[in-house]
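*Asks:* Starting off with a structure, shown below.
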Amino acid sequence: MATLADSLRTELRDLRPGARLPSSRTLVDRYRVSPVTVTRAIGLLAAEGLVVTRPGAGVYAADRPGPSAGPPDLGWQAVALGDRAVDAGAIGWLLKAPPDGVVPLSGGYLHADLQPARALAAAMGRAARRPRAWDMPPPSGLAQLRAWFARIAGPDVTPGDVTVTAGGQQSLSTVLRAVLAPGAPLLVESPTYPGALAVARMIGLQPVPVPIDGEGLRPGLLAEAFALTGARAVYCQPAFQNPTGAAMGAERRARVLDVARAAGAFVIEDDYARHLAIDAAPPPLVAQDADGRVVHIASPTKVVAPSLRVSAVIARGPVAERIRAAQLVTDFFPARPLQETLLDLVSSPGWARHVGAVRTALRARRDTLLAALAGELPQLAPSRPDGGVHLWTPLPGGADDTAAAEAALRAGVLVSAGRPFFPAEPPGPHLRLSYCSAASDGELVEGVRRLARVLDEP
Ligand SMILES: Cc1ncc(COP(=O)(O)O)c(C=O)c1O
């Protein structure tokens with residue numbers, strides 16, 4: 001189709017505006033393509049403004065715009081916008097599509113072969129045919145979808161506590177804006193998910209690092225940080241933290257809640273990896289929440305596909321009202337056909353099978369990546385997470401992780417430097433290596449070989 005469109009663009013250069021293009025049948029014969037290809041190519045040229053289609057009459061060369069006066073002078077914008085830059089650099093790297101031939105050991109979404117593509121297509125087909133599919137959903141989301149999110153979160157969570165949102169990232173932005181005023185401190189795990197840091201900074205919050213250990217937030221340091229800053233919220237990922245894979249045990253969860261209670265603060269729980277446990281996932285904090293302290297974000301994109309942008313925020317009391325209001329003001333509601341699609345998918349008999357298959361695949365991939373690292377890079381000491389999709393490893397002292405990630409990309413493997421995961425100065429260089437986005441176990445091994453060549457360089 002692209003080739004035909006290119007040929008037609010060349011033909012159009014010799015046609016005066018208003019001249020008729022050859023008929024579809026002539027184009028089919030001349031270029032030996034199907035009528036569908038012709039229709040698509042004409043559609044593309046029409047979208048570009050190069051042709052005008054007149055139903056029943058044919059396709060005509062469009063009027064050409066007058067000669068351009070050169071690139072516009074946009075200098076005035078720098079003055080008008082001031083210095084309030086939005087830094088999406090770290091997110092851009094995390095979402096970076098690997099160039100051809102590059103092995104992705106970065107990124108938090110499943111490789112296309114692990115996504116339930118056929119089930120999604122069927123679910124979306126059914127969703128789109130449902131009566132009123134394109135109408136407004138209830139403002140807090142489809143009732144049955146709210147019930148599903150509530151059931152996953154815990155026995156005491158009710159559908160009334162759930163607001164359906166448009167992906168974990170949008171939920172973070174809505175929740176942080178609803179809970180905290182610009183300028184407020186926000187305690188965060190250090191290291192943490194750079195997407196959360198980017199949202200916090202964009203809306204004028206001050207992320208304050210709280211170091212973690214193998215079980216996540218350290219309660220003593222958390223209490224100190226609350227006392228020092230007067231913060232009214234902490235953002236954390238209690239299950240398979242991105243990037244370290246740390247998971248809070250029962251005692252740690254209780255202590256973190258106690259510390260937040262004593263500080264009169266909210267705990268914003270990003271439960272991004274609920275379905276990615278290799279054995280069992282710890283129960284979410286919200287399941288233990290007795291006083292509306294936890295604001296829980298649940299997003300199934302990680303176990304399904306990045307474009308299924310439907311998620312949920314679970315909260316109780318005035319904060320829930322605030323979050324609902326914030327979502328209505330900024331986004332209205334997530335697209336109903338996507339809500340219907342997710343509902344159909346998770347209600348289908350294949351859902352449990354899909355989640356099980358992903359967990360099995362992730363276990364094998366984690367083990368393959370760890371074995372390859374032990375063989376090729378024994379000087380590293382990567383984490384061995386029980387869920388999620390990332391390994392986290394310190395680099396030997398003196399290394400520059402940003403330079404290492406750039407060199408690795410040149411050598412054909414995409415990895416994430418540790419620096420953007422730290423809200424302030426990192427304690428040392430690190431890399432995050434993901435095992436979900438490569439095409440196969442073989443590709444993981446090849447990625448490690450390429451990384452070893454870079455890291456072993458003197
Ligand atoms: C910890 C964490 N939270 C939230 C997100 C946002 O994901 P999504 O918007 O697809 O739900 C990500 C994505 O990488 C993540 O790693």
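*Asks:* For the chain, what does the helix formula give at 222 nm: sum of -39500 (n - 2.57) over DSSP H segments with n ≥ 4, over the residue count, nearest 500 deg cm²/dmol?
*Replies:* Values: 16 runs with 194 residues, N = 458.
Rounded to the nearest 500, it is -13000 deg cm²/dmol.
*Asks:* Quick one: compute the contact order of segment 345-405, relative version, from alpha carbon pairs under 8 angstrom and 6+ residues apart, as a percent.
*Replies:* Details: 25 pairs, mean separation 12.0, N = 61.
Reported as a whole number, the value is 20 percent.
*Asks:* Could you sort 284-293, 80-89 so that the peptide with the highest average Cβ count within 10 Å comes first and the rest follow in order?
*Replies:* Numbers: 284-293: 18.5, 80-89: 8.9.
Those peptides, ordered most packed to least, come out 284-293, 80-89.
*Asks:* Using 0.36 nm per residue of separation minus the Cα-Cα distance, give me the extension gain between THR360 and TYR31 in nm, one decimal.
*Replies:* Numbers: separation 329, 0.36 × 329 = 118.44 nm, distance 4.83 nm.
In short, 113.6 nm is gained.
*Asks:* Any chance you could check the Cα centroid distance between segment 419-441 and segment 76-134 for me, in angstrom?
*Replies:* Each part reduced to its Cα centre gives a spacing of 19 Å.
*Asks:* I'd like to check one number: the per residue accessible area of segment 99-251, probe 1.4 Å, reported in Å² as a whole number. List each step's numbers first, then the result.
*Replies:* Values: 6290 Å² over 153 residues.
Per residue, segment 99-251 has an accessible area of 41 Å².
*Asks:* Let me ask something else. With a Förster radius of 22 Å, plug the Cβ-Cβ distance of ASP213 and GLN379 into 1/(1 + (r/R0)^6) and report the FRET value to the nearest 0.05. Mind dumping the intermediate values first?
*Replies:* Working: r = 22 Å, r/R0 = 1.01.
Calculated transfer efficiency: 0.50.
*Asks:* Give me the number: length gained by fully extending SER440 to LEU95, i.e. 0.36 nm times residue separation minus the C-alpha to C-alpha distance, one decimal in nm. Walk me through the numbers on the way to the answer.
*Replies:* Values: separation 345, 0.36 × 345 = 124.20 nm, distance 1.92 nm.
Answer, rounded to one decimal: 122.3 nm.
*Asks:* Which value in nm describes the separation of the simple spin-label points at ASP87 and ARG132, placed 7 Å from the Cα toward the beta carbon?
*Replies:* Rounded to a tenth, the inter-label distance reads 4.7 nm.
*Asks:* Note the angle between two axes, namely the Cα long axis of helix 2-13 and the longest principal axis of the Cα atoms of the chain, as a number of degrees from 0 to 90, rounded to the nearest 10.
*Replies:* So the helix axis and the longest Cα principal axis differ by about 50 degrees.
*Asks:* Nearest 5 percent is fine: what portion of the DSSP beta bridges confined to segment 131-346 is antiparallel? Each step should come with its number before you reach the end.
*Replies:* On the way: 9 of 25 bridges.
DSSP beta bridges in segment 131-346 are roughly 35 percent antiparallel.
*Asks:* Expressed as an acute angle from 0 to 90° and rounded to the nearest 10, what is the orientation of the C-alpha long axis of helix 401-410 relative to the principal long axis of the chain?
*Replies:* 30
*Asks:* Something else about it: Using alpha carbons only, how many degrees (0 to 90, rounded to 10) separate the axis of helix 441-455 from the longest principal axis of the chain?
*Replies:* With rounding to tens, the tilt is 80 degrees.
*Asks:* For the chain, give the share of DSSP beta bridges that are antiparallel, in percent and rounded to the nearest 5; count only bridges with both residues there. Before the final figure, lay out the partial values.
*Replies:* Values: 22 of 40 bridges.
Counting only bridges with both partners in the chain, antiparallel ones make up about 55 percent.
*Asks:* Identify, among LEU451, VAL346, GLY418, the residue whose Cα sits farthest towards the positive end of the charge dipole of the chain, taking +1 on the Cβ of Lys and Arg and -1 on the Cβ of Asp and Glu, with the dipole about the Cα centre.
*Replies:* Checked the options; the winner is VAL346.
*Asks:* Between GLU457 and ALA424, what FRET efficiency follows from the Cβ-Cβ distance if R0 is 30 Å, with the result rounded to 0.05? Mind dumping the intermediate values first?
*Replies:* Numbers: r = 29 Å, r/R0 = 0.98.
For GLU457 and ALA424, the calculated efficiency is 0.55.
*Asks:* Let me ask you something else. Given R₀ = 30 Å, FRET efficiency for ALA143-ASP258 by Cβ-Cβ distance, to 0.05?
*Replies:* Working: r = 35 Å, r/R0 = 1.15.
It comes to 0.30.
*Asks:* Relative contact order (percent) for the chain, with alpha-carbon contacts under 8 angstrom and 6 or more residues of separation?
*Replies:* Working: 799 pairs, mean separation 88.0, N = 458.
Relative contact order of the chain: 19 percent.
*Asks:* Let me ask you something else. How far apart, in nm, are the 7 Å Cα→Cβ label points at ASP367 and MET202?
*Replies:* Here the modelled spin labels are 4.0 nm apart.
The values are calculated or read from the model by the stated rules, or taken from the named source; none is laboratory data. Every value quoted in this text rests on a predicted model; they were computed, and no experiment measured them. Every residue, glycine as well, gets a Cβ built from its backbone with ideal geometry; the counts of neighbours run over all protein chains shown. When the accessible area is computed, the model is the full protein with side chains, heavy atoms only, and any ligands, DNA or RNA have been set aside. Shrake-Rupley method; radii C 1.70, N 1.55, O 1.52, S 1.80 Å.
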